[in-house]
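Novice: I have a structure here, written as structure tokens, and I will follow up with some questions on it.
The values are calculated or read from the model by the stated rules, or taken from the named source; none is laboratory data. These figures come from a predicted structure and were not determined experimentally. So basically every Cβ, Gly included, is an ideal-geometry build from the backbone, and we count neighbours across all protein chains shown.
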Amino acid sequence: MRRVLNCVLVVGVLVSCGPPPSPDELTETSESLGESIDSPLWLGGFNNPLSWPQWGHDAQHRGMTPVKGQDLDRVLADITYDPFVEQEMAEQNGILLAHYQVPLVDGRDVFMEFKTGTYVSCDPPGWESNTHAPCGVNTWYTQIWNERRLEWRNGQLVTRWNFASDWKPPQVPALNILGPSEPVFHSLLANGSVYVPGAGGTLFRVSRLNGTVLARINPFGTLDPLTYEVGPPVADRFGNVYYQAIQLASANQWTTNIQGAWLIKVRPDNTFSKVSFTTLAVGAPAATASCNLNFSEDQLPWPPSPTAVPPSTQCGSQRPPINGAPAVAPDGTLYVVSRAHMADRYSYLLAVNPNLTPRWAASFRNRLNDGCGTSTLPPTGAPGGCRAGAAVGVDPATNEPPAGRAVDPGTNSPVVTPDGSILFGTYSEYNRLRGHLFKFSATGQYQGSYDFGLDITPAIYAHGGTYSIIIKDNYYSLGTYCTNPTYCSPDGWWEVGPYYITQLSANLLPEWRFANTSTQDCQRNPDGTVTCVPDPNHLFGFEWCVNAAAVDRNGVVYANNEDGYVYAIGQGGVERSRQFLNQSIGAAYTPISLGPDGKVYAQNAGRLFVVGD
């Protein structure tokens, strides 16, 4: 039977096509917009380039939209989505370590995560002194994660519906001295619906119009509380949705092997298939194989000797990091990242065919040589450097060539570039937590790296037949390769900062940098005024706290900073405008998006700010 399709054209290009809306949908949508359904704002659909329907804007996560971003002249909306920020910061020594969804924008609609329920504060506050207490970071499950549809009406964002999910985050342990960071809850717009994470590794398909459940995608049959949907889902141009799930052990979950990990494909008709990460990670060590860890801190300075061998443990099965999203190339190839459950230095970029069969696996090991005795660290034998006699280039913690690490706290996700290459940011400690950005070809060949990759999904600026890569580029005031100040002092060799937004060429060479130079701690008062005081801890600027920047059609980069401002940075590294949001704050990295009219959707201290002219 022939089927009539409802298709959308933007500047003569077919960008979305699907079944026609019902009469009820036409009536509801046209009334809610207050305009004709032929308006360019009523486009809908995950293929509409003017929408921002998912992490990184599109299935390739390029972060670039064909709209012109508005100037940051004023705050158009300010809505609290996380009411627990003060309690969360009290538990994390004054830092907000929760990851949040990117605002999803389509036409006049905005979809955003909202938290309700309760937050159980510890007495006294602080994760270090209450590591096992039933409070704080150990009781994330007392909160409720919701997806809420907001709509622009008469210049205001008003709530149309709220969907309360039963999703809960896994209790991820701390990676470093900052403490555990709350995993991301992230939804997706596709197929005229909103896909929302659910309990037991499931995905809700919710009506975009009224928030009712259309389907619950459950590849596992039961709602196992040990199975978790992890990271943002992604939709390809045909409406296939991909997401990841892991099943943890019942006890000692981060030192006992997982029970399983899967990549799941959901078709537009709600049928699904899944594949194990063990099947996809071709060539990775077996779960029972031996994987190397760090030397112990009683052996400092590292490495203990030029021939020292680090301790080892069972690797554990391959699984996705907790916060990362898959990416889908235009030809349908999926790119996901995998790591050994108990040894994150054994991490891989995996290429997967659309039918969920493995294509290739590329390791992040044995690619780097910028450790001991290089410009990354102080001279070997000097304070902050490796032990005298260390081999040049090795990671002092392992005495091996440095490995890129796919860690759970980072929201790093693969990015498919216009020429088909794949970018992924990794973690490392020996270069003061800066990590590395890796680049691979579409056939899995290593093409190089840049020495920053911590919790960043790079944005792409396509121009003149080529493209550029935009990342944050922070220099942290931390110990060089360990936390012991006697051997890895944070003082002296590098001062605090600088903190850059950096644009790289397609060959990973810097094209320009924009430095944050703020030196004041600011706070917006209840009457709207802003009070600032000098901050002696930020004499060299504030850290860029963006994990996925936005780029408009002219190459203007939009990014938020811990100084409390959102910035518009023009090509060449020139500030176009900035707008203060609510407060200067140390925080986990947050994403930013642009609406179809160029409004800027930024986040600060658990609040959604819409900024424009």
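Novice: Do the conditions hold for Gly444, that is, is it surrounded by fewer than 22 Cβ atoms within 10 Å (Cβ to Cβ), out of contact with any strand residue (DSSP E or B) (no Cβ under 7 Å at 6 or more places or on another chain) and either of a type in the set (Phe, Trp, Tyr) or more than 26 Å from Phe540 (Cβ to Cβ) (or both)?
Specialist: On the way: surrounded by fewer than 22 Cβ atoms within 10 Å (Cβ to Cβ): yes; out of contact with any strand residue (DSSP E or B) (no Cβ under 7 Å at 6 or more places or on another chain): no; either of a type in the set (Phe, Trp, Tyr) or more than 26 Å from Phe540 (Cβ to Cβ) (or both): yes.
For Gly444, the condition - surrounded by fewer than 22 Cβ atoms within 10 Å (Cβ to Cβ), out of contact with any strand residue (DSSP E or B) (no Cβ under 7 Å at 6 or more places or on another chain) and either of a type in the set (Phe, Trp, Tyr) or more than 26 Å from Phe540 (Cβ to Cβ) (or both) - is not met.
Novice: Does segment 469-517 hold any residues that are among the aromatic types (Phe, Trp, Tyr) and either under 25 Å from Ile592 (Cα atoms) or at pLDDT 95 or above (or both), and which are they?
Specialist: Taking segment 469-517 and keeping what is among the aromatic types (Phe, Trp, Tyr), we get 475-476, 481, 487, 493-494, 499-500, 512, 514.
Hits for segment 469-517 are Tyr475, Tyr476, Tyr499, Tyr500, Trp512, Phe514.
Novice: Of all the residues that make up segment 407-425, how many are in contact with a Phe, Trp or Tyr (Cβ under 7 Å, 6 or more places away or on another chain) and within 13 Å of Asn323 (Cα to Cα)?
Specialist: The total comes to 6.
Novice: Let me ask something additional. Could we say that Pro169 is within 22 Å of Val546 (Cα to Cα) and not in a strand (DSSP E or B) here? Spell out the reasoning first.
Specialist: Working: within 22 Å of Val546 (Cα to Cα): yes; not in a strand (DSSP E or B): yes.
Taking the combined requirement at face value, the residue satisfies it.
Novice: Another question, then. Can you find even one residue in segment 266-274 that is assigned to a loop (DSSP other than H, G, I, E, B) and touching a Phe, Trp or Tyr at 6+ places or on another chain (Cβ under 8 Å)?
Specialist: So in segment 266-274, the residues assigned to a loop (DSSP other than H, G, I, E, B) come out as 267-271.
Within this subset, residues satisfying the condition of being touching a Phe, Trp or Tyr at 6+ places or on another chain (Cβ under 8 Å) are 268.
The answer is yes; a qualifying residue exists.
Novice: Is it true that Ala133 is surrounded by fewer than 20 Cβ atoms within 10 Å (Cβ to Cβ) and touching a strand residue (DSSP E or B) at 6+ places or on another chain (Cβ under 7 Å)?
Specialist: Working: surrounded by fewer than 20 Cβ atoms within 10 Å (Cβ to Cβ): yes; touching a strand residue (DSSP E or B) at 6+ places or on another chain (Cβ under 7 Å): no.
Criteria not met by Ala133.
Novice: When you check Ile264 against the structure, is it over 30 Å from Thr480 (Cβ atoms), surrounded by 16 or more Cβ atoms within 10 Å (Cβ to Cβ) and modelled with pLDDT of 95 or more, yes or no?
Specialist: Details: over 30 Å from Thr480 (Cβ atoms): yes; surrounded by 16 or more Cβ atoms within 10 Å (Cβ to Cβ): yes; modelled with pLDDT of 95 or more: yes.
So Ile264 fits the description; yes.
Novice: Among the residues of segment 599-611, are any touching a strand residue (DSSP E or B) at 6+ places or on another chain (Cβ under 9 Å), over 22 Å from Phe114 (Cα atoms) and not hydrophobic (A, V, I, L, M, F, W, C)? Talk me through it step by step, then tell me what you get.
Specialist: So in segment 599-611, the residues touching a strand residue (DSSP E or B) at 6+ places or on another chain (Cβ under 9 Å) come out as 599-611.
Now narrow it down to the ones that are over 22 Å from Phe114 (Cα atoms): none.
Checking segment 599-611: not a single residue is touching a strand residue (DSSP E or B) at 6+ places or on another chain (Cβ under 9 Å), over 22 Å from Phe114 (Cα atoms) and not hydrophobic (A, V, I, L, M, F, W, C).
Novice: Kindly indicate whether Asn257 is farther than 30 Å from Tyr589 by Cα and modelled with pLDDT of 95 or more.
Specialist: Taking the combined requirement at face value, the residue does not satisfy it.
Novice: With the requirement that a residue be touching a residue at least 60 places away in the same chain (Cβ under 8 Å) and small (Gly, Ala, Ser), what does segment 299-331 give you?
Specialist: Ser305, Ala308, Ser317, Gly324, Ala325, Ala327, Ala329
Novice: Step by step: first the residues of segment 199-209, then only those that are surrounded by fewer than 22 Cβ atoms within 10 Å (Cβ to Cβ) and without any contact (Cβ under 8 Å) to a residue 60 or more places away in the chain, then the one that is nearest to Ala133 (Cα to Cα). Which residue is that?
Specialist: Residue satisfying both the conditions and the ranking: Ala199.
Novice: Within segment 49-104, take every residue that is among the basic types (Lys, Arg) and either more than 22 Å from the chain's Cα centre (by Cα) or farther than 22 Å from Ser421 by Cα (or both) and give me the one that is surrounded by the fewest Cβ atoms within 10 Å (Cβ to Cβ).
Specialist: If we filter segment 49-104 for residues that are among the basic types (Lys, Arg), which is where we start, we get 62, 68, 74.
Checking which are either more than 22 Å from the chain's Cα centre (by Cα) or farther than 22 Å from Ser421 by Cα (or both) leaves us with 68, 74.
Numbers: Lys68: 13, Arg74: 11.
The qualifying residue surrounded by the fewest Cβ atoms within 10 Å (Cβ to Cβ) is Arg74.
Novice: Say whether the condition of being among the β-branched types (Val, Ile, Thr) and farther than 30 Å from Val611 by Cβ is met by at least one residue in segment 117-128.
Specialist: Yes, because at least one residue in segment 117-128 is among the β-branched types (Val, Ile, Thr) and farther than 30 Å from Val611 by Cβ.
Novice: Shifting gears a bit: Yes or no: Val184 among the aliphatic types (A, V, I, L, M), modelled with pLDDT under 95 and under 24 Å from the mean Cα position of the chain (by Cα)?
Specialist: Details: among the aliphatic types (A, V, I, L, M): yes; modelled with pLDDT under 95: no; under 24 Å from the mean Cα position of the chain (by Cα): yes.
No; evaluated as a whole, the condition is false for this residue.
Novice: With respect to Val551, determine if the residue is in contact with a Gly (Cβ under 6 Å, 6 or more places away or on another chain), buried (at least 20 other Cβ atoms within 10 Å of the Cβ), more than 18 Å from Val102 (Cα to Cα) and at pLDDT 95 or above. It would help to see each step written out before you state the result.
Specialist: On the way: in contact with a Gly (Cβ under 6 Å, 6 or more places away or on another chain): yes; buried (at least 20 other Cβ atoms within 10 Å of the Cβ): yes; more than 18 Å from Val102 (Cα to Cα): no; at pLDDT 95 or above: yes.
In short, no.
Novice: Related question: Go through Gly425, Gly393 for me and flag whichever is surrounded by fewer than 24 Cβ atoms within 10 Å (Cβ to Cβ) and either assigned to a loop (DSSP other than H, G, I, E, B) or touching a strand residue (DSSP E or B) at 6+ places or on another chain (Cβ under 9 Å) (or both).
Specialist: Numbers: Gly425 fails: surrounded by fewer than 24 Cβ atoms within 10 Å (Cβ to Cβ).
Checking each option against the conditions leaves just Gly393.
Novice: Would you please name the residue that is surrounded by the most Cβ atoms within 10 Å (Cβ to Cβ), looking only at residues in segment 332-348 that are over 20 Å from the mean Cα position of the chain (by Cα) and touching a residue at least 60 places away in the same chain (Cβ under 8 Å)?
Specialist: First pass over segment 332-348, keeping only residues over 20 Å from the mean Cα position of the chain (by Cα): 332-333, 342-343, 346.
Still in the running and touching a residue at least 60 places away in the same chain (Cβ under 8 Å): 332-333, 342, 346.
Values: Gly332: 15, Thr333: 19, Met342: 19, Tyr346: 25.
The selected residue is Tyr346.
Novice: So which of Val194, Val213, Val241, Val206 is in contact with a strand residue (DSSP E or B) (Cβ under 9 Å, 6 or more places away or on another chain) and under 21 Å from Val337 (Cα atoms)?
Specialist: Values: Val194 fails: under 21 Å from Val337 (Cα atoms); Val213 fails: under 21 Å from Val337 (Cα atoms); Val206 fails: under 21 Å from Val337 (Cα atoms).
Only one candidate passes the filter, namely Val241.
Novice: While we're on this one: Specify the residue that is farthest from Gly192 (Cα to Cα); the eligible residues are those in segment 140-177 that are out of contact with any Asp or Glu (no Cβ under 8 Å at 6 or more places or on another chain), surrounded by 13 or more Cβ atoms within 10 Å (Cβ to Cβ) and small (Gly, Ala, Ser).
Specialist: The extreme case among them is Ala174.
Novice: Does segment 516-526 hold any residues that are within 21 Å of Asn474 (Cα to Cα) and surrounded by fewer than 16 Cβ atoms within 10 Å (Cβ to Cβ), and which are they?
Specialist: Looking only at segment 516-526, we keep the residues that are within 21 Å of Asn474 (Cα to Cα), and these are 516-522.
Across segment 516-526, the qualifying residues are Thr517, Gln520.
Novice: Cβ-Cβ distance below 8 Å, separation of 6 or more or different chains: which pairs start in segment 365-384 with a residue that is free of Cβ contacts under 8 Å to residues at least 40 places away in the same chain and under 24 Å from Asp344 (Cβ atoms) and end on one that is among the aromatic types (Phe, Trp, Tyr) and not in a loop (DSSP other than H, G, I, E, B)?
Specialist: If the second residue must be among the aromatic types (Phe, Trp, Tyr) and not in a loop (DSSP other than H, G, I, E, B), the pairs left are Arg365/Tyr346.
Novice: I would also like to ask the following. Starting from residues that are touching a residue at least 60 places away in the same chain (Cβ under 8 Å) and not in a loop (DSSP other than H, G, I, E, B), keep the ones in segment 174-194 and report whichever is farthest from Pro103 (Cα to Cα). Explain how you work it out, then say what you get.
Specialist: Taking segment 174-194 and keeping what is touching a residue at least 60 places away in the same chain (Cβ under 8 Å), we get 175-192, 194.
Narrowing the set further to residues that are not in a loop (DSSP other than H, G, I, E, B) leaves 182, 188-190, 194.
Values: Glu182: 18, Leu188: 10, Leu189: 11, Ala190: 15, Val194: 13 Å.
Ranking the qualifying residues of segment 174-194, first place goes to Glu182.
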